[in-house]
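Inspection log for the structure reproduced underneath, given as structure tokens.
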Amino acid sequence: MPQLLVRNVEDKIVKKLKEQAGKHGVSVEEEHRRVLRAALLGASKERPSFKEFLLSMPDVGNDRDFERGLQVGRPVKL
């Protein structure tokens, strides 16, 4: 398999890559491969579907987010 050597990478990028690898429990090289794969081939498997996104939203009750305040409208002048 071919190898890729990247030089002159900013310190903050290397630090973030190491942190991300630690969070995912993989080596820095594996995390680097995952980042490249996601950037170049798409991360469709990692992104939730729209249905999964909607199901992940917290339950706030029936129409709770659509309740109107007590001070609705303005006086009507006829």
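All of the numbers you see were taken from the coordinates with simple rules; none came from a lab. Because the structure is a prediction, the values reported are computed rather than measured. Here Cβ is always computed from backbone atoms with ideal geometry, including for glycine, and neighbour counts include all displayed protein chains.
Table for the structure above
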quantity	calculated
Total lysine pairs under 26 Å (Cα atoms) in the chain, excluding pairs fewer than 8 apart on one chain	6
Principal-axis tilt of helix 11-24 within the chain, Cα atoms, nearest 10 degrees	80
Dipole magnitude of the chain, debye to nearest 20 (Cβ charges: Lys/Arg +1, Asp/Glu -1, about Cα centre)	260
Computed label-point distance, nm, for sites Leu40 and Arg7 using a 7 Å Cα→Cβ extension	2.0
Lys23 paired with Phe53, simple spin-label distance in nm, labels 7 Å along Cα-to-beta-carbon	1.9
Among 19-31, 3-15, the order from most to least packed when residues are scored by Cβ within 10 Å on average	19-31, 3-15
Measure of compaction for the chain (Cα Rg per 2.2 N^0.38 Å)	2.08
Charge dipole (debye, nearest 20) of segment 7-49; +1 at Cβ of Lys and Arg, -1 at Cβ of Asp and Glu	100
